[in-house]
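A.B. asks: Before we start, here is the structure in question, set down as structure tokens.
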Amino acid sequence: MAEKSIRTAIGEAMRAEMRRDNNVILIGEDVAGGQGCEGELDAYGGVLGISKGLIQEFGADRIIDTPISEMGYMGMAVGAAASGLRPIAELMFSDFYGCCWDMLYNQAAKFRYMFGGKAVTPLTVRTMIGAGASASAQHSQSPYHVFTSLPGMKCVVPSNAYDAKGLLIQAIQDDDPVIFCEHKALYDLPLAASEVPDESYTVPFGEANFVREGEDVTIVALGLMVHLAAGAADELAKQGIGCDVIDPRTTSPLDEEAILESVQNTGRLIVVDESSARCGFAHDIAALVASQAFDCLKAPIKLVTPPHTPVPFSSPLEQAWIPSGERVAAAVLEVTMGLDAKTAMDTVMAAKSAAA
Amino acid sequence: MSLTKEQLLDYYRKMRNIREFEETIHRENTTGEIPGFLHLYCGEEANAVGVCAHLSDDDYIASNHRGHGHCVAKGSDPRLMVMELYGRAEGLCGGKGGSMHIADLDRGSLGANGIVGAGAPLATGAALTQKVKGRDNVSVCFFGDGASNEGYVFEAMNLAVILKLPVIFYCENNGVGEGTGVDYAVGADSIADRAAAFGMPAKKIDGTDFFSVYDAMEEVVAHCRAGNGPYFVEAETVRFYGHFEGDPQKYRLKEEIDNAKLHRDCLKKFRSRVIEEGLATTEEFDSIDSDLVAAYKGYVAEAKQAAWPRPEALTEDVYITY
């Protein structure tokens with residue numbers, strides 16, 4: 001089996017589903033590119049080249065380049081989904097959800113409930129999340145916490161190539177609307193590459209993946225944060241501290257059982273979350289554990305999130321904004337050894353420079 | 001006139017059905033038993049019926065907050081719609097949608113909509129479905145003069161033109177969006193004029209005259225079915241009641257409303273013309289009227305006695321699988 005990147009895995013999933021089912025179409029800005037220009041058609045193939053080649057195979061009726069018109073084309077995708085197609089709508093950056101949110105929030109997600117269980121809206125929204133590319137405040141956010149809060153919508157945040165392919169195929173085949181969040185730092189990250197079968201398969205929603213197993217601390221993380229948490233866990237293992245690193249893979253539905261069971265074993269919880277310092281995914285998990293497994297807790301829950309600020313542009317500021325492996329490790333030392341925050345971070349940094 | 005007597009009486013019955021629906025709701029609302037917001041369609045019936053006369057169950061419509069008429073015209077069962085307005089389990093949407101969210105997908109209705117202008121991209125999407133599947137079905141977006149200023153409508157119109165989709169943007173211009181006049185809210189001389197800027201053909205018609213709507217839509221629907229892309233229709237119509245039930249309508253003059261009811265009532269105009277041309281009799285129309293009055297009395301009595309949704313329904317049908 002070949003090792004593949006998330007970029008390749010997502011492209012394979014779309015192609016396979018479009019071959020399997022003629023009702024699957026792709027709608028978005030520059031999903032091919034070059035329409036109406038004198039140069040090459042399919043000049044972009046999506047801004048990251050993921051959908052390159054699809055227009056040649058499936059034609060312009062199914063690979064639909066739209067104007068820069070998020071409210072219009074997202075609404076068109078929702079209407080198409082409610083009337084018999086299975087559109088994949090690409091929202092280039094998740095930050096643009098503000099331009100089309102009504103069609104997801106007030107329309108697609110509510111149809112089934114409002115219409116008494118009769119509507120079927122099999123829409124998949126693919127969208128980029130994540131900081132780290134100096135893309136600044138309007139192209140770097142990870143608003144999956146907002147998507148998660150919406151009843152009727154499912155939300156997927158894959159962290160590796162195998163999951164990305166299986167989860168995207170599941171999303172396209174799913175009869176409910178799904179937002180599929182792709183972290184831009186993961187597309188080609190070697191750590192996120194994995195063995196990916198050429199054939200199609202699905203990864204079910206609502207089933208967490210145990211990335212590392214340990215006795216002392218439960219770390220819940222999503223997307224890029226999974227790799228930071230796993231790296232920290234590997235370092236801590238050398239010091240004899242064992243971490244369960246749980247990747248829920250989907251935030252809605254959420255595998256609550258896996259998280260609660262793990263905390264029942266470890267008695268400690270850390271959540272690493274790039275979404276928000278307030279009302280974020282981390283706070284949701286913390287509330288779950290505090291309300292349902294309080295008796296098991298041996299230490300306060302720690303949340304490793306960005307500060308309550310927009311994402312800054314300048315690299316040093318942006319790097320300070322993104323939760324780091326060091327902050328995860330320090331949080332583990334706080335809850336396992338009872339260190340205060342400063343001492344914990346000093347200890348982590350000292351270990352790091354000793355290793356270097 | 002090319003319509004048969006049977007067709008004429010059928011279209012009258014549909015318009016009268018909508019009128020009776022709305023008048024019944026208007027009356028019953030005062031008892032306080034119908035919860036929520038209600039936006040009545042009285043005065044505009046010729047539009048819904050004149051448009052839907054050319055559509056089948058495989059054609060789609062997207063309606064708006066003033067949607068009862070569109071739903072009845074598209075074939076939804078008014079008895080189940082009354083149940084829905086009373087919030088009962090047997091309602092068309094199980095009592096979970098209410099007045100602003102009555103949808104009937106089996107009848108090609110993408111639903112009424114509480115978000116002004118939202119139907120435009122949804123109808124455009126249903127038209128995309130027809131194009132991708134290679135069918136000759138069309139979709140119609142009903143929206144008002146108020147919605148005509150929403151970005152939704154502009155974006156959908158542009159998409160429909162560039163993708164050459166079989167969607168009809170049917171603007172019911174009743175002269176007032178909520179409580180603001182169209183002359184203030186629309187910068188262009190006419191709403192239909194905007195279509196040309198999008199590269200879309202347009203017609204302006206009398207939306208208080210069934211025959212004007214019916215004839216125009218015959219041509220417009222044929223244009224779209226033949227794969228010639230979208231069409232814009234502006235129908236000048238009237239709204240007999242307020243924006244919502246309970247609206248004191250201080251922004252309008254009583255004479256304006258009285259005048260509209262006297263001279264621009266699509267039902268009266270239809271009756272007079274058909275009787276004048278000797279195609280049906282007063283007695284035949286009156287008999288339709290009294291049948292519907294009786295039917296709605298029954299629907300209301302039944303709805304008031306009908307069962308509420310089961311408590312478990314609260315958390316059902318959020319997802320298909322979860």
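The values are calculated or read from the model by the stated rules, or taken from the named source; none is laboratory data. This one's a predicted model, so the numbers in the text were calculated from it and none came from an experiment. Cβ atoms come from the backbone with ideal geometry, glycine included; neighbour counts cover every protein chain shown. Heavy atoms of the whole protein, side chains included, go into the accessibility calculation; ligands, DNA and RNA do not. Shrake-Rupley method; radii C 1.70, N 1.55, O 1.52, S 1.80 Å.
A.B. asks: Return, ordered by residue number, the residues of the stretch B:151-174 whose backbone nitrogen is under 11 Å from a label point located 7 Å along Cα→Cβ of B:Tyr251.
C.D. replies: Answer for the stretch B:151-174: none.
A.B. asks: Would you be so kind as to identify all helices of chain B, as entire DSSP H runs, whose Cα atoms reach 20 Å or more along the helix's own axis and whose mean Kyte-Doolittle hydropathy is at least -1.0?
C.D. replies: Helix filter hits for chain B: B:119-133, B:210-225, B:282-305.
A.B. asks: Among the DSSP beta bridges whose two residues both lie in the stretch B:78-218, what percent are antiparallel, rounded to the nearest 5? Let's see the in-between values first.
C.D. replies: On the way: 3 of 9 bridges.
Around 35 percent of the beta bridges assigned by DSSP in the stretch B:78-218 are antiparallel ones.
A.B. asks: If you take the Cα Rg of the stretch A:3-195 and divide it by 2.2 N^0.38 Å, with N the number of residues, what do you get?
C.D. replies: Working: Rg = 15.6 Å, N = 193, 2.2 N^0.38 = 16.3 Å.
The value comes to 0.96.
A.B. asks: Would you work out what percent of the accessible area of the stretch A:209-355, with all protein chains in place, is carbon or sulfur (probe 1.4 Å)?
C.D. replies: 55
A.B. asks: Still on this structure: Which residue, B:Gly177, B:Gly134, B:Gly229, tops the fluctuation ranking in a GNM of chain B built on C-alpha contacts under 10 Å?
C.D. replies: In the Gaussian network model the winner is B:Gly134.
A.B. asks: Based on the Cβ-Cβ distance from A:Met1 to A:Asn22, what FRET efficiency comes out when R0 is 22 Å, to the nearest 0.05? Before the final figure, lay out the partial values.
C.D. replies: Details: r = 29 Å, r/R0 = 1.32.
Once the sixth-power term is evaluated, E becomes 0.15.
A.B. asks: Report A:Leu303's accessible area, 1.4 Å probe, all protein chains in place, as a number in Å² to the nearest 10.
C.D. replies: The accessible area comes out at roughly 60 Å².
A.B. asks: For the pair A:Ser353/B:Tyr322, report the inter-label distance in nm, with labels modelled 7 Å from Cα in the Cβ direction.
C.D. replies: The modelled label-to-label distance comes out at 5.1 nm.
A.B. asks: Also, quick follow-up: Please tell me the relative contact order of chain A in percent, rounded to the nearest whole number, where contacts are Cα pairs under 8 Å and at least six residues apart.
C.D. replies: 15
A.B. asks: Please go through the stretch B:225-322 and write out the trypsin sites (Lys or Arg not before Pro) that DSSP classes as loop and that have at most 11 other C-beta atoms within 10 Å.
C.D. replies: Details: sites: B:Arg225, B:Arg239, B:Lys250, B:Arg252, B:Lys254, B:Lys261, B:Arg264, B:Lys268, B:Lys269, B:Arg271, B:Arg273, B:Lys297, B:Lys304; in loops: B:Arg239, B:Lys250, B:Arg252, B:Arg264.
Answer in residue order: B:Lys250.
A.B. asks: Pop a pseudo-label 7 angstrom from the Cα along the beta-carbon direction at both A:Lys342 and B:Ser287 and give the gap in nm to one decimal.
C.D. replies: 9.5
A.B. asks: Only helices at least 24 Å long along their own axis, judged from Cα atoms, and with Kyte-Doolittle mean hydropathy of 1.6 or greater: name those in chain A from DSSP H.
C.D. replies: Values: long enough: none.
Qualifying helices, which must be both long enough and hydrophobic enough, do not occur.
A.B. asks: Here is a further query. Once you have a ≥ b ≥ c as the square roots of the Cα gyration tensor eigenvalues for chain B, tell me rounded if a/c is under 1.5, and otherwise prolate or oblate according to whether a/b is larger than b/c. Walk me through the numbers before you get to the answer.
C.D. replies: Details: a/c = 1.35, a/b = 1.10, b/c = 1.23.
Cα axes put chain B in the rounded bin.
A.B. asks: May I pose another question? Given A:Lys154/A:Lys184; A:Lys4/A:Lys238; B:Lys164/B:Lys203; B:Lys261/B:Lys297, which pairs have Cα atoms separated by over 22 Å?
C.D. replies: A:Lys4/A:Lys238; B:Lys261/B:Lys297
A.B. asks: Still on this structure, I have one more. Probe 1.4 Å, all protein chains in place: accessible area of A:Phe313 in Å², nearest 10?
C.D. replies: Rounded to the nearest 10, the figure is 130 Å².
A.B. asks: Can you give me the % of accessible surface on the stretch A:3-195 that is carbon or sulfur? Probe 1.4 Å, all protein chains present, nothing else counted.
C.D. replies: Working: 2990 of 5820 Å².
Ligands and nucleic acids excluded, carbon and sulfur reach 51 percent.
A.B. asks: Straight-line reach only, C-alpha to C-alpha below 19 angstrom: list the lysines that B:Lys74 could link to, leaving out same-chain residues fewer than 8 apart.
C.D. replies: A:Lys118, B:Lys14
A.B. asks: How high is the FRET efficiency from B:Asp193 to A:Cys279, r the C-beta distance, R0 56 Å, rounded to 0.05? The partial results should precede the final answer.
C.D. replies: Numbers: r = 46 Å, r/R0 = 0.82.
So, using R0 = 56 Å, E works out to roughly 0.75.
A.B. asks: A follow-up question, please. Let me have the 222 nm mean residue ellipticity of chain A computed from DSSP H runs of 4+ only, each contributing -39500 (n - 2.57), with the sum over all residues rounded to the nearest 500. Show your work: numbers first, answer last.
C.D. replies: Values: 13 runs with 136 residues, N = 356.
Result for chain A, helices only: -11500 deg cm²/dmol.
A.B. asks: Still on this structure, please answer the following. Sorted by accessible area (1.4 Å probe), largest first, how do A:Tyr73, A:Tyr162, A:Tyr44, B:Tyr184 line up?
C.D. replies: Working: A:Tyr73 0, A:Tyr162 85, A:Tyr44 120, B:Tyr184 195 Å².
Descending accessible area places them as B:Tyr184, A:Tyr44, A:Tyr162, A:Tyr73.
A.B. asks: Right, next: Taking beta carbons within 10 Å but only from partner chains, what does the mean come to for residues A:103-115?
C.D. replies: Averaged over the peptide's residues, the number is 6.
A.B. asks: Within chain B, which is the longest segment that contains none of the GluC sites (Glu not before Pro) sitting in a DSSP loop with at most 13 other Cβ atoms within 10 Å?
C.D. replies: Values: sites that count: B:Glu33, B:Glu277.
No qualifying site falls inside B:34-276, the longest such stretch.
A.B. asks: Once you sort the root eigenvalues of the Cα gyration tensor of the stretch B:185-243 as a ≥ b ≥ c, which label holds: rounded (a/c under 1.5), prolate (a/b larger than b/c) or oblate (the other case)? Kindly include the intermediate steps, with their values, before the conclusion.
C.D. replies: Working: a/c = 2.64, a/b = 1.24, b/c = 2.13.
Because a/c hits 1.5 or more and a/b fails to exceed b/c, the stretch B:185-243 counts as oblate.
A.B. asks: I've got another one for you. So for the pair B:Lys133, A:Thr309, with labels modelled 7 Å out along Cα→Cβ, what separation do we get in nm?
C.D. replies: 5.2
A.B. asks: Given axes a ≥ b ≥ c from the Cα gyration tensor, I'd like to know whether the stretch A:209-355 is rounded (a/c under 1.5), prolate (a/b larger than b/c) or oblate. Write out the running numbers ahead of the final one.
C.D. replies: Details: a/c = 1.59, a/b = 1.12, b/c = 1.42.
Oblate, since a/c reaches 1.5 and b/c is not below a/b.
A.B. asks: Efficiency by 1/(1 + (r/R0)^6): what FRET value for A:Asp234 and B:Thr180, r their Cβ-Cβ distance, R0 = 41 Å, to the nearest 0.05? Present the calculation step by step, with values, prior to reporting the outcome.
C.D. replies: Values: r = 63 Å, r/R0 = 1.55.
With a Förster radius of 41 Å, E is 0.05.
A.B. asks: Here's something else I'd like to know. In the stretch B:158-197, which residues give up 50 Å² or more of accessible area once the other protein chains are added, compared with their chain alone (1.4 Å probe)?
C.D. replies: B:Leu159
A.B. asks: Rank these by accessible area, largest first, 1.4 Å probe: B:Asp206, B:Asp183.
C.D. replies: Values: B:Asp206 60, B:Asp183 145 Å².
Descending order: B:Asp183, B:Asp206.
A.B. asks: For the stretch B:225-280 and the stretch A:9-71, what is the separation of their C-alpha centers, rounded to whole Å?
C.D. replies: Computed from Cα coordinates, the inter-centre distance equals 45 Å.
A.B. asks: Quote the total accessible area buried by chains B and A together, excluding ligands, DNA and RNA, probe 1.4 Å, nearest 100 Å². Write out the running numbers ahead of the final one.
C.D. replies: Working: alone 14470 and 14870 Å², together 25800 Å².
For B against A, buried area totals roughly 3500 Å².
A.B. asks: Any idea what % of Cα-Cα pairs in chain A are farther than 38 Å?
C.D. replies: Details: 10948 of 63190 pairs.
Value for chain A: 17 percent of Cα pairs lie more than 38 Å apart.
A.B. asks: Let me ask something additional. Indicate the residues belonging to the stretch B:118-134 that lose 20 Å² or more of solvent-accessible heavy-atom surface (probe 1.4 Å) upon moving from the chain alone to the assembly of all protein chains, ignoring ligands and nucleic acids.
C.D. replies: Residues meeting the cut-off: B:Pro121, B:Leu122, B:Gly125, B:Leu128, B:Thr129, B:Lys131, B:Val132, B:Lys133.
A.B. asks: Next question. Tell me, what is the per residue accessible area of the protein assembly as shown in Å², probe radius 1.4 Å? Walk me through the numbers before you get to the answer.
C.D. replies: Working: 25800 Å² over 678 residues.
Computed with neighbouring chains in place, this is 38 Å² per residue.
A.B. asks: While we're here: Using a 1.4 Å probe, how large is the accessible area of B:Val161, given in Å² and rounded to the nearest 10?
C.D. replies: Counting only protein heavy atoms, B:Val161 exposes about 40 Å² to solvent.
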